[in-house]
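Enquirer: Take this structure first; my questions come after.
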Number of protein chains: 2
Amino acid sequence: MLALLNRRMKTKPLRVALLGFGTVGGSVARILSERPELADRLQLTYIFNRGIARKRAAWVPSSVAWTEDVDELFRSKPDAVVEVVGGIDPAGGWVRRALQQGAAVVTANKMLLAAHAPELLHLAVMNHTQLRFEAAVAGGVPLIHGVREGLAGDRLLRVAGILNGTSNYVLSRMASGNEPMAAVLDDARRLGYAEADPSADIDGEDAGAKLVVLAGIAFRRHLRLPDIPRRSIRAISAADFRYASRLGCTIRQIAMVETKGDGFHAFVGPALVLRGSNFGLNMGANNVVTIAGYYGGENSFSGAGAGGPATAVAVVSDLLSLTERERDHGEEWLPARAVPPPARPYYLRFVVRDRPGILASIAASLAHQGINLDAVLQEPGYPKGALPFVITVEACEEVALGKAVQEIAAADFHAEAPLAIPMLLGEDPRT
Amino acid sequence: MLALLNRRMKTKPLRVALLGFGTVGGSVARILSERPELADRLQLTYIFNRGIARKRAAWVPSSVAWTEDVDELFRSKPDAVVEVVGGIDPAGGWVRRALQQGAAVVTANKMLLAAHAPELLHLAVMNHTQLRFEAAVAGGVPLIHGVREGLAGDRLLRVAGILNGTSNYVLSRMASGNEPMAAVLDDARRLGYAEADPSADIDGEDAGAKLVVLAGIAFRRHLRLPDIPRRSIRAISAADFRYASRLGCTIRQIAMVETKGDGFHAFVGPALVLRGSNFGLNMGANNVVTIAGYYGGENSFSGAGAGGPATAVAVVSDLLSLTERERDHGEEWLPARAVPPPARPYYLRFVVRDRPGILASIAASLAHQGINLDAVLQEPGYPKGALPFVITVEACEEVALGKAVQEIAAADFHAEAPLAIPMLLGEDPRT
């Protein structure tokens, strides 16, 4: 016991400067102020924010300096800088500056990492310091440590997740309520689950950036965000949930990356998932991530994907990990080569002005590409002028499917553009 | 990039000796043999097992020495010893010997840890070495790293889990099939999910030992296994699932530890859980663990709880973590003070020889202890001579409930002993 205590005593607390005092930054300061048992390891020294007269909080200890001058903060030579400003500029410049002067950086900034992680990680290695980002994906869910260390012994094959709380809130509400997306989005905005402009959430940019970080964590490879195919969930209708349900499925926004040889395939967008699966059972704004390995099979992590306190826990955990290790090897993300996705079954939904011959025409286009029909579903009760029906097809290549759908979309019987989304039915990536 | 590579090159691989070549040990050797990218960090040097003539596997590299003489293995002065023999003796002696000669130890041995973790951890600190045990709880689920590091920033309040695959297999089958436990257990034995004598699984000893390890991970406190109240799932009948279902619940074997002030309350046994909760949705032999923190709320981890390859991934991950860190602070588990559980609602099931006045008599005994009835359920279709019915009571102290049940059990109308199990309905430990 004494040996242990003596060893602990010798280290000085890490001097921590906070860039940004919004929801997450405020929660970080609160945890550091409220947990006295952390005081011998972490000491909050500086808080930078615009308009500190308005921001300054009485519960922050008087030993902490507040500043609107970022240069002043850097001149104080903090041991660690927490960046919770968000966005690429000016946050990126500040992260570089911190690393260049040898400070460790803890960031929750997924957009910055998605765009510049390889360069920033390299800069950390060159300056013998650390860049940590547990808070950048799935808020409070302790993914990085679980995957990096807990699954280090496995050969990882696939990472998939529900990474955007807004989209999951919208889709899980639609699944249970038979409401149109517009109405659910209005509610989500009112409850604070969606922003005034939810495009980044529902069109997949947010989940895509998180997927880039997740792929970096799992594979130490850098997928470029513009290279990841993204589809919006905007086209999903109440009818889609009815048809999905007949197939034992529901619909979720999925972000997924798989290895194949030395290449990687990634995508973000709506997918049919089994109702009883981890994804199908995930409700509200919760996040869930599954990791499939060659030896250990599938593990799943879930929890609050966002929110100030949950994200702040991840930031403080990263700060603590800096005090635990004398030196880390550092890491680099190598470029990732994109490969086509594996053959998959797809769900095709058409909304047509009904007339004879439509099914025959669609079936012919699919047959041209060698794609086999699996099921044709048509529920009663829809108007003839805008009739939704569904065709599911057996596993096929995405390229062939794209050609078939393009040919089908050129016909004049559509009341809405055709929708094609993958069906993820729990395929084992080892087979 | 060069800086990084150079730093990696300098370290020699860790020389690893394996005690035990059963299901887990075999899988550890297989991962180390099959993943050449690990060769510069981990080198398997020795395998100890009884009867190696029979055990020796052709795919193990010829550089590995096989021995039936444990002294020979220790004389080779391995850097790390993997103990996957199981049981307290002789495994415990070997673990001590390894630590005393300065080797790091990686073990999957929950029974040994439950009995002796504080002493073994102390021995590791005193000998400036490490004891790691990611594989001892929930097999392949990367709990330790997630909780220890990923949630280090939080103040943890509660850890609860389904930690025994056999019990979960039995209960989730009973929930969906209306079969008696004996029939399901027979099937489980045939399929390899249960041992010939499943007592350690269904009576809670296995889950209890894992809970001791989990509490050590989350709180760095040592709960003594004999101090943890354990109830068997043996008394659960098909009727209980029918009644639970009417309450929106199902039944699972739960292992749980909560803090209260500076004390801890733990238990292992059957509990009613909501059908839509993480526990209620957990099927088959899968494990799931939820961790609730003051700041971050609830996180959940799930995956295969056992099996050679999944457990071996955890062992290899522990070995890799030994190569990542130059020196760990080491850890100690302090004794835990037991406190009574919080007041909870309970499910009481009686099987009686029906006659007038039974309900009045039971209600009077509950009233004597100030316990309020919540619901009385009696399903039709049962024989009068062995009539099962259920009373649920509002949140009450366990001691008071125990007294009431004792008084009720003394009556002469019972065809079976009364059953009282807690209802865990998703209470937030922060309130």
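Enquirer: Could you go through region A:365-375 and let me know if any residue there is surrounded by fewer than 18 Cβ atoms within 10 Å (Cβ to Cβ) and of a type in the set (Ser, Thr, Tyr).
Expert: No: region A:365-375 contains no residue that is surrounded by fewer than 18 Cβ atoms within 10 Å (Cβ to Cβ) and of a type in the set (Ser, Thr, Tyr).
Enquirer: Going through A:Leu272, A:Leu214 one at a time, which residue ends up being more than 13 Å from the chain's Cα centre (by Cα), closer than 22 Å to A:Asp428 by Cβ and not in a loop (DSSP other than H, G, I, E, B)?
Expert: None of the other options fit; the residue is A:Leu272.
Enquirer: Now for a different question. Is it true that some residue in region A:385-392 is hydrophobic (A, V, I, L, M, F, W, C), closer than 22 Å to A:Pro342 by Cβ and not assigned by TED's automatic domain parsing to the domain that holds A:Ala244? Even if it seems obvious, please write down each step before you answer.
Expert: So the first thing to find is which residues in region A:385-392 are hydrophobic (A, V, I, L, M, F, W, C), and the list is A:386-387, A:389-391.
Then keep just the ones that are closer than 22 Å to A:Pro342 by Cβ; that gives A:391.
Now restrict to residues that are not assigned by TED's automatic domain parsing to the domain that holds A:Ala244: A:391.
Yes: one or more hits.
Enquirer: Moving on to the next point. Please enumerate the residues belonging to region B:48-65 that are under 18 Å from B:Pro13 (Cα atoms), among the hydrophobic types (A, V, I, L, M, F, W, C) and assigned to a loop (DSSP other than H, G, I, E, B).
Expert: As a first pass, look at region B:48-65 and keep what is under 18 Å from B:Pro13 (Cα atoms): B:60-65.
Remaining after also requiring among the hydrophobic types (A, V, I, L, M, F, W, C): B:60, B:64-65.
Residues satisfying the conditions are B:Val60, B:Val64.
Enquirer: Output the residue which, of all residues in region B:316-336 that are modelled with pLDDT of 85 or more and more than 7 Å from every other protein chain (Cβ to nearest Cβ), is farthest from the chain's Cα centre (by Cα).
Expert: Ranking the candidates gives B:Thr323 first.
Enquirer: From the list B:Ala160, B:Ala117, B:Ala175, which one is outside the structural domain of B:Val289 (by TED's automatic domain parsing), touching a Phe, Trp or Tyr at 6+ places or on another chain (Cβ under 9 Å) and at negative phi?
Expert: That would be B:Ala117, the only listed residue that is outside the structural domain of B:Val289 (by TED's automatic domain parsing), touching a Phe, Trp or Tyr at 6+ places or on another chain (Cβ under 9 Å) and at negative phi.
Enquirer: Which of the residues that make up region A:380-427 are modelled with pLDDT of 95 or more, in a loop (DSSP other than H, G, I, E, B) and small (Gly, Ala, Ser)?
Expert: A:Ala410, A:Ala411, listed by residue number.
Enquirer: Any idea which of B:Ala194, B:Ala200 is away from chain A (no Cβ under 14 Å) and modelled with pLDDT of 90 or more?
Expert: None of the other options fit; the residue is B:Ala200.
Enquirer: Within region B:66-80, does at least one residue satisfy the condition of being over 31 Å from the mean Cα position of the chain (by Cα), farther than 25 Å from B:Leu123 by Cα, assigned to a loop (DSSP other than H, G, I, E, B) and modelled with pLDDT of 95 or more?
Expert: Checked against the condition, which is being over 31 Å from the mean Cα position of the chain (by Cα), farther than 25 Å from B:Leu123 by Cα, assigned to a loop (DSSP other than H, G, I, E, B) and modelled with pLDDT of 95 or more, region B:66-80 yields at least one hit.
Enquirer: I'd like to verify a number: residues in region A:342-385 that are in contact (Cβ under 8 Å) with a residue 60 or more places away in the chain, out of contact with any Phe, Trp or Tyr (no Cβ under 9 Å at 6 or more places or on another chain) and of a type in the set (Ser, Thr, Tyr), how many? Before the answer, list the steps.
Expert: Initially, region A:342-385 is screened for residues in contact (Cβ under 8 Å) with a residue 60 or more places away in the chain, giving A:342, A:344-353, A:375, A:377, A:379, A:382.
From what is left, the residues that are out of contact with any Phe, Trp or Tyr (no Cβ under 9 Å at 6 or more places or on another chain) are A:342, A:344-346, A:348, A:375.
Then drop every residue that is not of a type in the set (Ser, Thr, Tyr), which leaves A:346.
The qualifying residues number 1.
Enquirer: Is it fair to say A:Glu298 is outside any loop (DSSP other than H, G, I, E, B), at the interface with chain B (Cβ under 7 Å from one of its Cβ atoms) and acidic (Asp, Glu)?
Expert: Answer is yes for this residue.
Enquirer: Next question, about the same structure. Might you let me know whether region B:341-350 holds any residue that is touching a Gly at 6+ places or on another chain (Cβ under 6 Å) and more than 10 Å from chain A (Cβ to nearest Cβ)?
Expert: Kept after step one, since they are touching a Gly at 6+ places or on another chain (Cβ under 6 Å), are these residues of region B:341-350: none.
No, the conditions are met nowhere in region B:341-350.
Enquirer: Also: Scan region B:226-256 residue by residue and report those that are surrounded by fewer than 24 Cβ atoms within 10 Å (Cβ to Cβ) and over 28 Å from B:Asn178 (Cα atoms).
Expert: Of everything in region B:226-256, those that are surrounded by fewer than 24 Cβ atoms within 10 Å (Cβ to Cβ) and over 28 Å from B:Asn178 (Cα atoms) turn out to be B:Pro226, B:Asp227, B:Pro229.
Enquirer: Hey, does region A:332-340 have a residue that's within 26 Å of A:Val82 (Cβ to Cβ), in a loop (DSSP other than H, G, I, E, B) and either charged (D, E, K, R) or assigned by TED's automatic domain parsing to the domain that holds A:Ala17 (or both)?
Expert: yes
Enquirer: Is it the case that A:Leu42 is in contact with a Gly (Cβ under 9 Å, 6 or more places away or on another chain), surrounded by 13 or more Cβ atoms within 10 Å (Cβ to Cβ) and under 24 Å from B:Gly150 (Cβ atoms)?
Expert: Judged against the criteria, A:Leu42 is not a match.
Enquirer: Yes or no: B:Ala183 without any contact (Cβ under 8 Å) to a residue 60 or more places away in the chain and farther than 22 Å from B:Phe279 by Cα? Talk me through it step by step, then tell me what you get.
Expert: Details: without any contact (Cβ under 8 Å) to a residue 60 or more places away in the chain: yes; farther than 22 Å from B:Phe279 by Cα: yes.
It is true that B:Ala183 is without any contact (Cβ under 8 Å) to a residue 60 or more places away in the chain and farther than 22 Å from B:Phe279 by Cα.
Enquirer: Could you tell me whether region A:245-257 includes any residue that is in a helix (DSSP H, G or I) and of a type outside the set (Lys, Arg)?
Expert: yes
Enquirer: For region B:279-295, how many residues meet the condition of being under 19 Å from B:Ala215 (Cα atoms), within 8 Å of chain A (Cβ to nearest Cβ) and surrounded by fewer than 21 Cβ atoms within 10 Å (Cβ to Cβ)?
Expert: Residues in region B:279-295 being under 19 Å from B:Ala215 (Cα atoms), within 8 Å of chain A (Cβ to nearest Cβ) and surrounded by fewer than 21 Cβ atoms within 10 Å (Cβ to Cβ): 0 in total.
Enquirer: Would you tally the residues in region A:260-278 being modelled with pLDDT under 95 and within 14 Å of another protein chain (Cβ to nearest Cβ)?
Expert: Selection size over region A:260-278: 5.
Enquirer: Quick one: is A:Val24 modelled with pLDDT under 95, in a helix (DSSP H, G or I), aliphatic (A, V, I, L, M) and in the same structural domain as A:Val64 (by TED's automatic domain parsing)?
Expert: In short, yes.
Enquirer: Here's a follow-up. Out of all the residues in region A:185-192, is one or more acidic (Asp, Glu) and in contact with a strand residue (DSSP E or B) (Cβ under 8 Å, 6 or more places away or on another chain)?
Expert: Within region A:185-192, not a single residue is acidic (Asp, Glu) and in contact with a strand residue (DSSP E or B) (Cβ under 8 Å, 6 or more places away or on another chain).
Rundown of residues vs (1) within 14 Å of chain B (Cβ to nearest Cβ); (2) at pLDDT 95 or above; (3) buried (at least 17 other Cβ atoms within 10 Å of the Cβ); (4) not in a helix (DSSP H, G or I), yes/no style:
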| site | (1), (2), (3), (4) |
| --- | --- |
| A:Gly87 | no, no, no, yes |
| A:Ala98 | no, yes, yes, no |
| A:Gly102 | no, yes, no, yes |
| A:Val106 | yes, yes, yes, yes |
| A:His116 | no, yes, yes, no |
| A:Val125 | yes, no, yes, no |
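Enquirer: Just to be sure I understand, how many residues within region B:281-311 are free of Cβ contacts under 8 Å to residues at least 60 places away in the same chain and among the hydrophobic types (A, V, I, L, M, F, W, C)?
Expert: Result for region B:281-311: 1.
Enquirer: Does A:Pro309 satisfy being in contact with an Asp or Glu (Cβ under 9 Å, 6 or more places away or on another chain) and more than 7 Å from every other protein chain (Cβ to nearest Cβ)?
Expert: Here the answer is no, as A:Pro309 does not meet what is asked.
Enquirer: Scanning region A:140-165 for residues that are part of a loop (DSSP other than H, G, I, E, B) and touching a strand residue (DSSP E or B) at 6+ places or on another chain (Cβ under 8 Å), which turns out farthest from the other protein chains (Cβ to nearest Cβ)? Quick ask: steps written out before the conclusion?
Expert: Initially, region A:140-165 is screened for residues part of a loop (DSSP other than H, G, I, E, B), giving A:140-142, A:151-155, A:163-164.
Then drop every residue that is not touching a strand residue (DSSP E or B) at 6+ places or on another chain (Cβ under 8 Å), which leaves A:140-142, A:151, A:154-155, A:163-164.
Details: A:Gly140: 4, A:Val141: 6, A:Pro142: 2, A:Leu151: 5, A:Asp154: 4, A:Arg155: 6, A:Leu163: 15, A:Asn164: 18 Å.
Checked region A:140-165; the qualifying residue farthest from the other protein chains (Cβ to nearest Cβ) is A:Asn164.
The values are calculated or read from the model by the stated rules, or taken from the named source; none is laboratory data. Just so it is clear, the structure is predicted and the values come from calculations on it, not from any experiment. In this analysis, Cβ positions are derived from the backbone assuming ideal geometry, glycine residues included, and neighbour counts consider all displayed protein chains.
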